[in-house]
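**Q** Please see the structure below; I have some questions.
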Amino acid sequence: MSAATSSSRQNRWGRDHPHYRWVALSNTTLGVLMVTINSSIVIISLPAIFRGLHLNPLEPGNVGYLLWLLMGFLLVSAVFVVTFGRLGDMYGRVRMYNWGFIVFAIASVATALDPLDGGSGAMWLILWRVLQGIGGAMLFANSTAILADAFPATQRGMALGINQVSAIAGSFLGLVIGGLLSEWHWRAVFWVSVPFGILGALWSWKSLHELGEKRPGRLDIPGNLTFAVGLSAVLAAITYGIQPYGGHTMGWLNPWVLLGLIGGTVLLVVFCLIETRVADPMFDMSLFKIRAFSAGNVAGLLASIARGGMQFMLIIWLQGIWLPLHGYDFESTPLWAGIYLLPLTVGFLVAGPISGTLSDRYGARWFAGGGMLLVAATFIGMLLIPTDFHYWMFALLIFLNGIGSGLFSAPNTSSIMNSVPARQRGTASGMRGTFFNSGTSLSIGLFFSLMIVGLANALPRTLTDGLVAQKVPHGTAEQIGNLPPVGSLFAAFLGYNPIESLLGPSGALKTIPQSNADTLTGKTFFPHLISEPFHHGLIVVFTAAAVMSVIAAIASLLQGAKYVHDDSTDQAVAAATVEESVVR
């Protein structure tokens, strides 16, 4: 009786059960949503986290903590997602996915229970966020492959569309959730993941089954090491490249930054050579011979860089300029920035599943290519509206941007996963995830650098003249105006008014008339001051994002007509090979 019951339970959600695919879709969507919410939830919560740890994020020594709280999670996710995709192919995608939930939940508990204060407390969070990123990589690498195994090719675009749009929408939902929870308590930002991690682990353990074909083999140790060290070095160097060095506004001439960029690039080249020579490569270079796979990943990388850069720029625009100009206190701007960005998320949710379903019927190229052209048009539109815009104009542009990204993301993912053999879906999913996560990490260094270049041309003169106009002594005003613009940029990013902290040590606020001191430390002085220099930087940033989007559109159009890899052909070839060997 017990054996029959066990068999019944096993077959309840088996491969041929019509409901199993929806269980797989629901669970994997929960997994990627949890991961991507956590990739952005800290962005909006940083002011509350630093207040809770009694750290001033604008002090030069603390900028590193700020950057690594953002970058640690993203870097680890980018580095290990291919490794866990390959391990999923070897030992089971569902098994690796289940462990991802467990690791993520444990790390979330540890971050929420941070027992330390100051810099030590920040380091505790960074280290456990790194472990969170490892759990996230395990989930991210295998979720797409699990869906590709569960759904037939005729429905795969719809399923991957829902999953992918949930992933991207999660990065924007994290801004709203982080804003709400950080208003209550900074630890709640980390506690929120715990119940979902436990629920996901129990649910996936009970309901998901290994439907894919395992590929026994050895783990590619040389490839894993060169890839992990090389990519980590490049991304870490980019992180430090946006910080001041010596007398320079940025650190691109820092010997350690140059060593990381050059040495990391050399290691990645060595990694590519290794992968063409080992029997069981971690990064199967032969997949790049498939046009839909290679073009789709190039387009995905560029789209991810553009999208990540836009996210940071819009937060700066809202928190540092627009919201204070419209009467919001600096302390409340993180919450309202997340709320005012909701049209972007709505655009994703509207377009993603629809485009995924339609791409199943008509192919991906026109949806993906057209979506990226729409994204490029919205970047140009954002350059044409004033810095102090009417909200309906801004909301319309970011809604259309969300529509364009939704049109692109689901068909692009479906095209990539449909183009590879079933036995390599874990590896392909990990490779796609690496491009996706690396793009987000690269966007921080790239777009912050472009913005700093734009600010460096206009901010020193604007800041000096503005302070002098409010009776600040010229020598003090000039000294503050010549400070690296990264401080003002991070102040806007975090919703801080830096004028008081900049002028405090000089004592100038006590020597000038009180009315001028009140103006300098009020809601509107800093936003008015930074508006024009910020727009100079925005021209550089969004022009670059528009160019990347157009190139991504061209790559999408080059993917070719609708293409689904025929696994039956692979099986026939394998059977013929076995038969031939038996005859011999």
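**Q** Using heavy-atom solvent-accessible surface (probe 1.4 Å) with all chains present, what is the largest-first order of E183, E275? Kindly include the intermediate steps, with their values, before the conclusion.
**A** On the way: E183 105, E275 10 Å².
Sorted by accessible area, descending: E183, E275.
**Q** Distance in nm between label sites at I198 and M393, each 7 Å beyond Cα in the beta-carbon direction?
**A** Taking the simple label geometry, I198 and M393 are separated by 5.0 nm.
**Q** Okay, moving on. Evaluate the charge dipole of segment 58-161 about its Cα centre and quote only its size in Debye, nearest 20, assuming +1 on the Cβ of each Lys and Arg and -1 on the Cβ of each Asp and Glu.
**A** 420
**Q** Apply the Karplus curve 6.51 cos²θ - 1.76 cosθ + 1.60, θ = phi - 60°, to the phi angles in segment 67-75 and return the couplings in whole Hz, x for Gly and Pro.
**A** 3J(HN,Hα) across segment 67-75, in whole Hz: 5, 6, 5, 7, 7, x, 4, 5, 5.
**Q** Can you give me the Cα centroid spacing of segment 313-386 and segment 146-207 in angstrom?
**A** Centre-to-centre distance over Cα atoms comes out at 20 Å.
**Q** So, one more: Which percent of the accessible heavy-atom area of segment 15-135 goes to carbon and sulfur, probe 1.4 angstrom?
**A** Result for segment 15-135: 69 percent of the exposed heavy-atom area is carbon or sulfur.
**Q** Given the chain, what count of lysine pairs have C-alpha atoms under 22 Å apart, with each pair 8 or more places apart or on different chains?
**A** Pairs that pass both the separation and distance tests number 5.
**Q** To continue, here is another question. In the set (i) 26.9; (ii) 24.0; (iii) 24.7, which value of Kirkwood radius over Cα pairs in Å was calculated from the structure you see?
**A** Computed from the coordinates, Kirkwood radius over Cα pairs in Å corresponds to (iii).
**Q** Suppose R0 equals 30 Å. What FRET efficiency, 1/(1 + (r/R0)^6) with r the Cβ-Cβ distance, do E210 and L558 give to the nearest 0.05?
**A** That gives a FRET efficiency of 0.30.
**Q** Using the Kirkwood radius over C-alpha pairs as Rh, can you work out the diffusion coefficient of segment 421-470 via Stokes-Einstein at 37 °C, viscosity 0.692 mPa s, in µm² per second?
**A** Reported coefficient: 231 µm²/s.
**Q** So, R0 is 41 Å and r is the distance between the beta-carbons of S501 and I262; what FRET efficiency does that work out to, to 0.05?
**A** Details: r = 36 Å, r/R0 = 0.88.
With R0 = 41 Å, the Cβ-Cβ based efficiency is 0.70.
**Q** Further, regarding this structure: Carbon-plus-sulfur fraction of the accessible area of segment 163-227, 1.4 Å probe, in percent? Walk me through the numbers before you get to the answer.
**A** Numbers: 2160 of 3090 Å².
The nonpolar share, carbon plus sulfur, comes to 70 percent.
**Q** Tell me what the chain gives for mean residue ellipticity at 222 nm when only DSSP H runs of n ≥ 4 count, each as -39,500 (n - 2.57), the sum divided by the residue total, rounded to 500 deg cm²/dmol.
**A** When only DSSP H runs of four or more count, the value is -26500 deg cm²/dmol.
**Q** Once each part is reduced to its C-alpha centroid, what is the distance from segment 511-557 to segment 416-471 in angstrom?
**A** 15
**Q** Provide the descending list of Cα extents for segment 112-267 along its principal axes, expressed in whole angstroms.
**A** On the principal axes, segment 112-267 reaches 58, 45, 28 Å in Cα extent.
**Q** Now a separate question. Convert each backbone phi in segment 246-259 into a coupling constant with the Karplus relation 6.51 cos²θ - 1.76 cosθ + 1.60 (shift: θ = phi - 60°), then list the ³J(HN,Hα) values in order as whole Hz, x for Gly and Pro.
**A** Taking θ as phi minus 60°, the curve returns x, x, 9, 6, 9, x, 5, 9, 4, x, 5, 5, 4, 4 Hz for segment 246-259.
**Q** Residues of the chain: accessible area per residue at 1.4 Å, in Å²?
**A** 39
**Q** For S332 paired with I539, estimate the spin-label separation in nm (one decimal), with each label point 7 Å from Cα along the Cα-to-Cβ line.
**A** Label at S332, label at I539, 3.5 nm between them.
**Q** Continuing with the same structure: Report the gain in length on full extension from H54 to D117: 0.36 nm times residue separation, minus Cα-Cα distance, nm rounded to one decimal.
**A** Full extension of this stretch gives 22.0 nm more.
**Q** Percent relative contact order of the chain, based on C-alpha pairs within less than 8 angstrom and at least six residues apart?
**A** Working: 1063 pairs, mean separation 122.5, N = 584.
Here the relative contact order equals 21 percent.
**Q** Please give, to one decimal in nm, the separation of the simple spin-label points placed at V453 and L383, each 7 Å out from Cα toward the Cβ.
**A** Between V453 and L383, the simple spin-label model gives 1.4 nm.
**Q** Mind jotting down the distance between the C-alpha centroids of segment 273-289 and segment 88-135, whole Å?
**A** 29
**Q** Quick one: what are the phi-derived ³J(HN,Hα) couplings along segment 235-243, Karplus 6.51/-1.76/1.60 with θ = phi - 60°, whole Hz, x for glycine and proline?
**A** 5, 5, 4, 5, 4, 7, x, 8, 8
**Q** Taking a virtual spin label 7 Å from the Cα of W22 along the C-beta vector, which residues in segment 187-206 bring their backbone nitrogen under 18 Å of it?
**A** Those under the cut-off are 204.
The values are calculated or read from the model by the stated rules, or taken from the named source; none is laboratory data. Everything numeric here is computed off the predicted structure, so don't read it as measured data. Counting neighbours? That spans all protein chains shown, and the Cβs are built from the backbone with ideal geometry, glycine included. Just the protein is used for accessible areas: all its heavy atoms, side chains included, with ligands, DNA and RNA removed. Shrake-Rupley method; radii C 1.70, N 1.55, O 1.52, S 1.80 Å.
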